[in-house]
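The values are calculated or read from the model by the stated rules, or taken from the named source; none is laboratory data. Small disclaimer: the values here were computed from a predicted structure and weren't measured. Counting neighbours? That spans all protein chains shown, and the Cβs are built from the backbone with ideal geometry, glycine included.
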Amino acid sequence: MDIDQLKKEIIVYSQEIGIDKIGFASADPFIELKERLLQQQQLGYQSGFEEPDIEKRTNPSMLLPHAKSIIAIALAYPSKMKGAPRSTKEARRGIFCRASWGEDYHHILRQRLKMLEDFILAKVPSAQVKSMVDTGELADRAVAVRAGIGWSGKNCAVITPEFGSYVYLGEMITTIPFPPDIPIEDRCGTCTKCIEACPTGALVQEGQLNAQRCIAFLTQTKGFLSEEFRDKIGNRLYGCDTCQMVCPANKGKDFHLHPEMEPDPEIVKPLLKPLLHLSNREFKEKYGSLAGSWRGKKPIQRNAILALAHFKDRTAIPDLVHLLKEDSRPVIRGTAAWALGKIGDDSVAKILEQALQHEKDEEVLREIEKGLRMLHTQRKK
């Protein structure tokens with residue numbers, strides 16, 4: 001088998017099936033990454049969504065015995081939305097991050113990787129392969145950097161020279177010993193714009209992320225959001241693009257190469273108030289195709305309530321009162337109570353006081369009291 005020739009054929013085929021960038025790396029253990037992940041674990045910086053076994057995240061041979069190399073792929077996604085609706089005082093809107101525009105990228109990349117698998121196995125039937133996207137055990141970004149897809153930015157994103165950091169990543173471990181590509185040298189230099197712009201200080205030092213403070217992570221949590229972060233969420237419903245938007249390497253980068261990645265403006269920049277009243281079925285029908293729907297409707301609805309509080313949208317008071325009185329979920333009732341206090345309309349003071357008498361959940365009671373304190377403070381001003 002001529003492996004160099006096979007590599008060339010794979011590269012050509014990858015372009016034919018809509019893979020925007022491909023790279024090849026050795027399947028050696030990721031020793032530096034292991035040390036960094038252990039440090040992350042010790043500092044309590046992990047999100048909890050990752051594969052908990054650090055050995056699996058850093059040793060490809062644990063995932064595929066006799067692994068010899070890894071093929072990394074990248075697909076570019078749009079950074080600008082065509083026909084984006086405006087958020088107005090009467091009709092406030094939230095926003096899903098760019099990585100949740102269009103069809104769920106996990107499906108898109110898995111399809112491309114399956115096609116790549118079939119191509120390789122048709123050429124080398126004795127080969128073994130194992131593909132993964134994002135939710136797999138391996139660290140996508142470390143693989144992509146080793147394979148020369150891009151360099152690891154100070155915002156912890158892989159930045160490609162061609163597409164900036166607006167790329168989805170996937171990889172395939174294989175028993176075929178492909179010659180590795182050369183990694184790209186770091187091009188961030190002395191720039192620290194992403195670190196300075198992070199709303200919560202989640203980028204604690206160059207190339208290290210405290211996921212517990214990252215808005216992208218916080219928008220996906222299901223419980224009450226810490227008060228420290230409620231105002232900083234803004235109108236984000238899922239994810240955060242701040243550290244990408246300020247990155248000089250992303251300036252002017254906007255690619256519309258894949259129709260299935262194009263956003264529906266009314267879906268990814270939706271009206272906030274209608275979001276509050278969706279049933280599970282309605283949510284799944286409308287938002288189920290987005291990557292940002294994977295945690296269900298509760299985090300999205302909680303974030304929508306926080307966004308309405310951020311805008312101090314008095315037109316939302318009836319909606320919030322309804323949630324406070326009728327919703328079965330403590331997180332939604334409590335967040336609605338806090339939002340009513342934040343909006344600061346005297347008409348809700350009596351409603352909050354009545355809720356205080358009837359509510360049984362201790363966490364919700366604390367949120368009602370917070371709302372009343374905010375109203376009291378505002379009256380004094």
Enumeration of residues in the stretch 114-136 that are in a helix (DSSP H, G or I) and among the basic types (Lys, Arg)
Lys114, Lys123
Look through the stretch 90-112, keep the residues that are within 21 Å of the chain's Cα centre (by Cα) and aliphatic (A, V, I, L, M), and return whichever of them is nearest to Ala157 (Cα to Cα).
Ala99
Wholly within the stretch 206-260, which helices (runs of 4 or more DSSP H) include no fewer than the required count, namely at least 3 residues that are more than 17 Å from the chain's Cα centre (by Cα)?
227-230
In the stretch 75-88, residues that are touching a residue at least 60 places away in the same chain (Cβ under 8 Å), surrounded by fewer than 19 Cβ atoms within 10 Å (Cβ to Cβ) and not polar (S, T, N, Q) total 6
Quick check on my filter: what residues within the stretch 130-149 are over 19 Å from the mean Cα position of the chain (by Cα) and among the small types (Gly, Ala, Ser)?
Ser131, Ala147, Gly148
Of residues in the stretch 123-151 being small (Gly, Ala, Ser) and at pLDDT 95 or above, the one surrounded by the fewest Cβ atoms within 10 Å (Cβ to Cβ)
Ser126
Being of a type outside the set (Val, Ile, Thr), within 27 Å of Ile182 (Cα to Cα) and part of a helix (DSSP H, G or I) is the filter here, so list the residues in the stretch 41-70 that pass it.
Glu55, Lys56, Arg57, Pro60, Ser61, Met62
Out of all the residues in the stretch 266-284, which are charged (D, E, K, R), part of a helix (DSSP H, G or I) and under 21 Å from the mean Cα position of the chain (by Cα)?
Glu266, Lys284
What's the total number of residues in the stretch 167-194 that are aliphatic (A, V, I, L, M), within 13 Å of Ala25 (Cα to Cα) and touching a residue at least 40 places away in the same chain (Cβ under 8 Å)?
3
Every residue from the stretch 92-118 that is touching a Lys or Arg at 6+ places or on another chain (Cβ under 8 Å) and of a type outside the set (Val, Ile, Thr):
Arg92, Arg93, Gly94, Phe96, Cys97
Under 20 Å from Lys34 (Cα atoms), in contact (Cβ under 8 Å) with a residue 40 or more places away in the chain and touching a Cys at 6+ places or on another chain (Cβ under 7 Å): is that true of Gly148 in this structure?
no
Within the stretch 357-367, can one find any residue that is under 21 Å from Thr88 (Cβ atoms) and touching an Asp or Glu at 6+ places or on another chain (Cβ under 6 Å)?
no
Name, by its number, the condition in (1) in contact with a Leu (Cβ under 9 Å, 6 or more places away or on another chain); (2) of a type outside the set (A, V, I, L, M); (3) over 17 Å from Gly94 (Cα atoms) that does not hold for Thr335.
(3)
Of all residues being of a type in the set (S, T, N, Q) and within 19 Å of Ser293 (Cβ to Cβ) in the stretch 208-222, which is surrounded by the most Cβ atoms within 10 Å (Cβ to Cβ)? Just the residue, please.
Thr219
Within the stretch 84-113, considering residues that are among the charged types (D, E, K, R) and part of a loop (DSSP other than H, G, I, E, B), the one modelled with the lowest pLDDT
Glu90
Just to verify a result, which residue in the stretch 94-146, among those that are basic (Lys, Arg) and in contact with a strand residue (DSSP E or B) (Cβ under 6 Å, 6 or more places away or on another chain), is farthest from Gln301 (Cα to Cα)?
Arg146
